[in-house]
1. For the pair residue 354 and residue 6, what calculated FRET efficiency results from E = 1/(1 + (r/R0)^6), where r is the Cβ-Cβ distance and R0 = 35 Å, to the nearest 0.05?
2. Go through region 50-65 residue by residue and turn each phi into a ³J(HN,Hα) via Karplus (6.51, -1.76, 1.60, θ = phi - 60°); whole Hz please, and just put x for glycine and proline.
3. Give the ranking of 51, 345, 322, 56 by solvent-accessible surface, highest area first, calculated with a 1.4 Å probe.
4. Among the aspartates and glutamates, select those whose C-alpha is under 19 Å from the C-alpha of residue 34, and discard any that sit fewer than 8 residues away in the same chain.
5. Given a cut-off of 32 Å, name the pairs among 284/368; 5/30; 349/415; 236/332 whose C-alpha atoms lie farther apart than that in the structure shown.
6. Using DSSP to define loop residues, name the chymotrypsin sites (Phe, Trp or Tyr not before Pro) in region 336-426 whose beta-carbon has at most 15 other beta-carbon atoms within 10 Å.
7. Skip the ligands, DNA and RNA, and give the accessible area per residue of the chain with a 1.4 Å probe, whole Å².
8. Assuming R0 = 60 Å, what is the FRET efficiency of residue 188 and residue 423, from their Cβ-Cβ distance, to the nearest 0.05?
Amino acid sequence: MKVTKEILENKKVKLEIHVDPETFEQGMQKSYMKNRKNISIPGFRKGKVPRKIIERYYGEAIFYEDAINEIFPQVYDEAVKEADIVPVDRPDVDIIQIGSGQDLILTAEVDVKPEVELGQYKGIEIERVEYNVSDHDIEHQLEHIREDNARWITVEGRPVQVGDLVTLDYAGTVDGVAFPGGTAEQQTLEIGSGRFIPGFEEQLVGMNVSEEKDITVTFPEEYHAEDLKGKEAVFKVKIHEIKEKELPVLDDEFAKDVSEFSTLEEYKADLRKHMQESADERAKSQMESQLLEKITNNAKVDIPEVMVENEIDNMVRDMDYRLRYSGLSLEKYLEMSNTSMEDFRAQYKDSAYNRVKTQLVLEAITKKEGITVEEADREKEYQKLAEQYMRDVEDIKKSFGGSPEYIDDGILVQKTIDMLMSEAVLVEKKSDSTEEDAHDHHDHDHE
């Protein structure tokens, strides 16, 4: 096989590939074996017509398409290696010459991974980020845990209040006509949760057990059901039960119930340890983000549009997955937000470009610095994954099917970032975050 390479504009490369007649003949024979069962010629049983007869009757071109499909993947892979390029998209292929007994000549035009011109990436100044877990953070976290372990106690002799859990029946109508999903019996609803249409929960406050009442609400203009948007509805409701939340007392018994510790103080100490580890990890991540942004900005690279579009594809797929996990399709989301797919993808363009550039810059630094993955690095990653998923290390290894290279990319990225962080210069922040900001970070992280 002979390959010539031509550099085109816009980070494209054109390969001219000469495939020897013997390789092309192998493809033709495979095409014949695949297609002969579908070819009929008078005087021959279907599937038993010799290849030469078929070619004489229809012309050998009848086998060309499948012949090329049979041999092209391997031929293209070999040509890419010989030309020393890294394609980032599918090639546009043209046939220059084809026929038995002669070279098959193809051209393949493809976008390739661009070269990166690195700027400064060592000795970069970044602001130090630190979060120290305070007593306030511990108390706040304990309140969340108390909420999670609260009991609902039936109450009598008082009406519904905000925060109660009520059991009710309801039947909704619009212009006197019932609508799908508007009727339920023995439904539970926490007052103040915002689960129902605005105004519904508020009008239950003050009602008593066994009381019945008509509630009038208006569906939001952005409601998911088209025929209910902006419509006024009347719900007949009846309260069956009222429960209030009883929080457990913060004492040693509470610690025993929710943890493996015997005393509340031991449990608090463990909470502080894990919260500080999380805070340290968050600070490290923020410093790494600062560093990568500066190093990426210092580098120059001409990124093919297809790489950005492919990254947008990944981001859209990720968004679609997350939406479906929460019970909503991407199509429905776009419809509800009155956004076209084109506009939706456009929102990701800058972020996708930055992601691709950062990835290319990190790859270039990894290569320049000669950073590699050692077996000890893999073992450490296996151990980390085993702890994360609470599985045996050997099970984790088996899940990779004997192909550790699947985790190598992640290891290389982290080793490169760790090297860059070790070379960075930490400087104090120009203006320190307030204690309240730090609390907000902790609260958000543990809710």
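1. Efficiency, from the Cβ-Cβ distance: 0.65.
2. x, 4, 4, 5, 4, 5, 5, 7, 10, x, 5, 4, 4, 9, 4, 4
3. Details: 51 30, 345 55, 322 125, 56 180 Å².
Ranked from most to least accessible, the order is 56, 322, 345, 51.
4. Candidates past the 8-residue exclusion: 22, 25, 55, 60, 65, 66, 70.
5. none
6. On the way: sites: 344, 348, 353, 382, 389, 400, 406; in loops: 348, 400.
Passing sites in region 336-426 are 400.
7. Normalised by residue count, the accessible surface of the chain is 61 Å².
8. Working: r = 57 Å, r/R0 = 0.95.
With R0 = 60 Å, the Cβ-Cβ based efficiency is 0.55.
The values are calculated or read from the model by the stated rules, or taken from the named source; none is laboratory data. Fair warning: this is a prediction, and the values are worked out from it, not measured in the lab. Here the Cβ is made from the backbone with ideal geometry for all residues, glycine too, and neighbour counts use every protein chain on show. Note: areas computed on protein heavy atoms with side chains; ligands, DNA, RNA excluded. Shrake-Rupley method; radii C 1.70, N 1.55, O 1.52, S 1.80 Å.
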